[in-house]
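Below: one structure, written as structure tokens.
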Amino acid sequence: MIKFDSRRGREMEATVANRVRKSLTADCSACFGLCCTALNIIASSDFAMDKPAGTPCTYLQEDFKCHIHKDLRKSGFKGCTVYDCLGAGQKVSQDTFKGYSWRENPTDAKQMFEVFPVMEQLYEMIAFISEALTYEISKDLRMELTGQLEHLQSLIELDARNLVSLNMAACRLPVNEVLLKTSEVVRSNLSRNVFSIRMGRQYRGMDLIGRSLKGKDLRTADFRGALLIKADLRGTDLRGADFIGADLRDANLCGANLTTSMFLTQMQINSASGNNKTLLPSYIQRPSHWF
């Protein structure tokens with residue numbers, strides 16, 4: 001563990017944490033189509049059909065590639081183009097199950113499908129903790145975050161039986177608490193020392209579906225768990241805003257500034273709409289369907 005007795009040490013740790021965050025990228029070529037098999041899908045505007053958990057999608061080929069990959073959005077499977085496992089799929093496929101697919105070992109299929117959503121949640125928490133470690137925070141808070149990161153990294157190395165038996169609520173509780181503390185500290189510091197503004201507004205858990213927030217200054221706002229479905233966020237300044245658990249489906253982010261938004265995920269951005277004037281954090285890729 002890196003010691004915290006120097007600025008150089010803190011910078012080194014932040015660099016490592018940032019590298020970890022950026023490395024959490026899905027590699028479908030190394031996965032056994034787990035998102036196409038393990039997850040329960042309900043027909044909606046995002047998915048053209050129902051698919052029970054543990055049942056392969058009808059478009060999943062023998063090589064685990066999607067038969068309609070290039071036409072997913074046109075075929076009514078917009079949700080598939082939004083989804084991002086952060087690399088949990090290849091971890092389960094190549095490490096937990098040693099590169100043997102559920103087709104090669106049908107007796108392991110049920111367990112593999114049960115492990116995948118657990119690994120997915122662990123990877124999400126690792127991504128958030130890694131991001132939190134890139135911020136300027138106190139020694140005590142940094143140590144608390146580091147402890148959680150090391151614990152999560154040990155959990156993803158468990159065998160399938162132990163992964164399935166994990167109490168995910170118990171895993172999430174301390175992570176959520178330390179991330180909340182981090183968010184409050186960082187947003188407070190940004191408000192006071194960088195932006196010279198009052199702390200951003202509290203929108204935590206609010207129903208903002210279809211709400212127009214166009215052009216507003218929402219720096220350091222708290223959007224944790226907020227419903228921003230189809231919200232108009234065009235030209236909005238969202239630097240330093242916390243987006244953990246926020247639903248951004250079809251939110252209009254054209255021209256919005258999210259460069260230093262906190263705990264924003266690729267899946268959230270994939271589900272929203274934006275353009276070439278939308279400013280994103282360095283670890284987020286601009287969706288190909290944006291204009």
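Out of all the residues in the range 250-273, which are assigned to a loop (DSSP other than H, G, I, E, B) and within 18 Å of GLY235 (Cα to Cα)?
Within the range 250-273, ASP250, ALA251, LEU253, CYS254, GLY255, ALA256, LEU258, THR259, THR260, SER261, LEU264, ALA272 meet the criteria.
If only one of GLY255, GLY240 is out of contact with any helix residue (DSSP H, G or I) (no Cβ under 7 Å at 6 or more places or on another chain), open to solvent by less than 60 Å² (accessible area, probe 1.4 Å) and not polar (S, T, N, Q), which one is it?
GLY255 is the lone residue from the list that is out of contact with any helix residue (DSSP H, G or I) (no Cβ under 7 Å at 6 or more places or on another chain), open to solvent by less than 60 Å² (accessible area, probe 1.4 Å) and not polar (S, T, N, Q).
Can you tell me which residue within the range 10-24, out of those that are within 17 Å of the chain's Cα centre (by Cα) and open to solvent by 70 Å² or more (accessible area, probe 1.4 Å), is modelled with the highest pLDDT?
For the range 10-24, the residue satisfying everything is SER23.
Identify the single condition in (1) touching a Leu at 6+ places or on another chain (Cβ under 9 Å); (2) in contact (Cβ under 8 Å) with a residue 60 or more places away in the chain; (3) more than 19 Å from ALA30 (Cβ to Cβ); (4) open to solvent by 20 Å² or more (accessible area, probe 1.4 Å) that LEU133 does not satisfy, given that it satisfies every other one.
(4)
Inside the range 188-228, can you point out the residues that are open to solvent by less than 30 Å² (accessible area, probe 1.4 Å) and under 22 Å from the mean Cα position of the chain (by Cα)?
TYR203, LEU208, LEU218, THR220, ALA221, ASP222, PHE223, ARG224, ALA226, LEU228
Would you be able to tell me the number of residues in the range 84-97 that are surrounded by fewer than 16 Cβ atoms within 10 Å (Cβ to Cβ) and over 14 Å from LEU158 (Cβ atoms)?
Counting residues in the range 84-97 that are surrounded by fewer than 16 Cβ atoms within 10 Å (Cβ to Cβ) and over 14 Å from LEU158 (Cβ atoms) gives 1.
Scan MET168, MET143 and give me the residue that is more than 20 Å from the chain's Cα centre (by Cα) and either of a type in the set (A, V, I, L, M) or open to solvent by less than 20 Å² (accessible area, probe 1.4 Å) (or both).
Of the residues listed, the single one that is more than 20 Å from the chain's Cα centre (by Cα) and either of a type in the set (A, V, I, L, M) or open to solvent by less than 20 Å² (accessible area, probe 1.4 Å) (or both) is MET143.
Looking at ASN275, ASN176 in this structure, which one is surrounded by fewer than 23 Cβ atoms within 10 Å (Cβ to Cβ), among the polar types (S, T, N, Q) and farther than 22 Å from SER138 by Cα?
ASN275
The values are calculated or read from the model by the stated rules, or taken from the named source; none is laboratory data. Not measured: the values here are computed from a predicted model. So basically every Cβ, Gly included, is an ideal-geometry build from the backbone, and we count neighbours across all protein chains shown. Heavy atoms of the whole protein, side chains included, go into the accessibility calculation; ligands, DNA and RNA do not. Shrake-Rupley method; radii C 1.70, N 1.55, O 1.52, S 1.80 Å.
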